[in-house]
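The values are calculated or read from the model by the stated rules, or taken from the named source; none is laboratory data. Just so we're clear, the structure is a prediction, and the values are computed from it rather than from any experiment. Cβ sites come from the backbone with ideal geometry, for glycine too, and all protein chains shown count toward neighbours. Side chains are part of the model used for accessible areas, which takes the heavy atoms of the whole protein and leaves out ligands, DNA and RNA. Shrake-Rupley method; radii C 1.70, N 1.55, O 1.52, S 1.80 Å.
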Amino acid sequence: MEHTLTTGPSAAPHDLARMRREYEPAAAQRPAVREEPLVEEHLAADWPTQFGRWFAEAVAAELPEPNAMIVATADAQGRPSSRTVLLKGYDERGFVFFTNYASRKGREALANPYASLLFPWFAMGRQVVVCGRIAPVDRHVSEEYFRLRPRGAQLGAWASAQSSVLPDRQALDDAYAAAEQSFPAEDDVPLPEHWGGLRVEPETVEFWQGRRSRLHDRLRFRREPDGGADRWIVERLAP
């Protein structure tokens with residue numbers, strides 16, 4: 001079904017052209033939700049510290065799945081795709097998530113090693129946008145994480161040929177049952193060769209705070225080569 005922008009007197013109940021919310025000062029919001037100006041003097045000295053600060057506040061605000069992020073990749077011809085995954089680790093090297101390397105995002109990450117991440121913390125009037133190179137993590141990192149997954153999720157990694165076409169749901173259920181038969185309950189489930197972590201190594205990390213009249217705050221950390229070493233500069237972007 002096609003939904004068009006309707007601006008005349010016959011506007012539908014869901015009038016997309018007029019659907020918007022105004023970003024109010026923090027005092028006008030629920031106590032757990034912070035919508036405050038984002039100014040340079042309050043910004044952390046580096047992006048991992050700033051991200052950790054905002055992530056902790058998202059957790060404290062009890063946002064649903066605060067580690068959910070939209071991952072955008074593109075194939076070798078530059079055709080983009082996106083999906084939501086869960087962040088499973090971050091440090092100064094970048095942001096890590098796990099997937100089937102034969103999935104669409106896995107194939108695209110290997111064919112065109114650049115990606116963008118978006119953390120949509122809308123309830124707080126915030127977003128974090130990351131752009132950079134993407135590459136597989138070391139095998140031992142994937143093994144350590146895989147051991148932490150619930151057994152059902154471990155079996156699912158064996159059962160699902162992610163992004164492939166299935167004839168029906170039964171085919172997936174049968175594949176899961178076969179994985180259960182292959183790895184009895186008393187045995188550990190090994191890490192599949194086709195499964196593991198991907199790390200997005202940031203070239204830019206943007207912190208976006210909503211403000212009134214669409215005059216949002218956007219502060220971006222940008223990596224800049226500096227004589228063999230990298231330094232990060234902070235830039236304010238127009239909203």
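Among the GluC sites (Glu not before Pro) found in the range 201-239, not one is both in a DSSP coil and sparsely packed, with 16 or fewer other Cβ atoms within 10 Å of its Cβ. From largest to smallest, the equivalent ellipsoid semi-axes obtained for the range 140-216 from the alpha-carbon gyration tensor read 37, 19, 12 Å. Applying both filters, DSSP loop and at most 13 other Cβ atoms within 10 Å, to the GluC sites (Glu not before Pro) of the range 34-99 gives 62, 92. Listed options for Cα extents along the principal axes in Å are [x] 60, 58, 41; [y] 51, 40, 31; [z] 63, 41, 37. The value calculated from this structure is the one marked [x]. Computed from the C-beta positions of residue 138 and residue 171, the FRET efficiency with R₀ = 41 Å rounds to 0.80. As a fraction of the 1.4 Å probe accessible area of the range 125-198, surface on carbon and sulfur atoms comes out at 53 percent. P(r) tail, the range 69-117: Cα-Cα pairs separated by more than 13 Å, 55% of all pairs. Residues whose amide H falls under 5 Å from that of residue 89, counting only those 5 or more places apart or on a different chain, are 96, with hydrogens built in the peptide plane.
In order along the range 228-239, the Karplus-derived 3J(HN,Hα) couplings, from 6.51 cos²θ - 1.76 cosθ + 1.60 at θ = phi - 60°, round to x, 10, 9, 10, 10, 10, 9, 10, 9, 9, 5, x Hz, and Gly and Pro are given as x.
Rounded to the nearest whole Hz, the Karplus-based 3J(HN,Hα) values (6.51 cos²θ - 1.76 cosθ + 1.60, θ = phi - 60°) of the range 134-142 follow the sequence 10, 8, x, 7, 4, 4, 5, 5, 5, with x at glycine and proline. Were the residues from residue 233 through residue 214 laid out at 0.36 nm apart, the gain over their Cα-Cα distance would be 4.4 nm.
What stretch of the chain, leaving out the sites themselves, is the longest with no trypsin sites (Lys or Arg not before Pro) in a DSSP loop having at most 16 other Cβ atoms within 10 Å? Please report the intermediate quantities before stating the final value.
Numbers: sites that count: 20, 21, 88, 93.
After excluding every exposed loop site, the longest remaining stretch is 94-239.
Could you state the number of Å between the C-alpha centres of the range 158-218 and the range 36-91? Cα centroid of the range 36-91 versus Cα centroid of the range 158-218: 17 Å apart.
On a per residue basis, the chain carries 58 Å² of accessible surface, using protein heavy atoms and a 1.4 Å probe. In this simple spin-label approximation, residue 111 and residue 39 carry label points 7 Å from Cα along the Cα→Cβ vector, and these lie 4.9 nm apart.
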